[in-house]
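Just so it is clear, none of the values below were taken in a lab; they were calculated from the coordinates. Model, not experiment: these values are computed from the prediction. With ideal geometry, Cβ positions are generated from the backbone for all residues, glycine too; neighbour counts draw on all protein chains shown.
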Amino acid sequence: MGQSFDNYKRLQKMVDYLCRKIENKAIDIETAENMEIRIRERAHSYFPDKDDLYRMIYASRIKRLVDQYLSNTPKSTFGDDNING
């Protein structure tokens with residue numbers, strides 16, 4: 001297996017871990033956001049040309065879980081920033 005596959009598996013494990021923490025309400029929104037930022041930065045370092053794909057798949061999944069399990073309001077601003085700004 002290649003380096004890209006290894007990086008994908010690492011990224012998947014990080015996202016799955018964060019999602020489990022959110023679903024179990026084991027972290028607060030601020031911690032979840034900080035973890036998502038670190039994961040997003042790692043994803044960018046692994047796959048610099050795939051930022052849009054990350055946002056479409058992983059960031060949207062994490063945002064949905066935060067809204068469902070951690071947010072007191074139906075629409076949070078979690079994950080609305082972009083990787084370059």
With a ≥ b ≥ c from the Cα gyration tensor eigenvalues, square-rooted, and the rule rounded for a/c under 1.5, otherwise prolate when a/b > b/c and oblate otherwise, segment 3-70 is prolate
Fewest first, what order do I57, I29, I39 take by the number of other Cβ atoms within 10 Å?
I57, I29, I39
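Using a 10 Å cut-off around each Cβ, can you sort Y54, Y8 from fewest to most neighbouring Cβ atoms?
Working: Y54 20, Y8 15.
In order of increasing Cβ crowding within 10 Å: Y8, Y54.
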Can you sort K9, K63 by how many other beta carbons sit within 10 Å, fewest first?
K9, K63
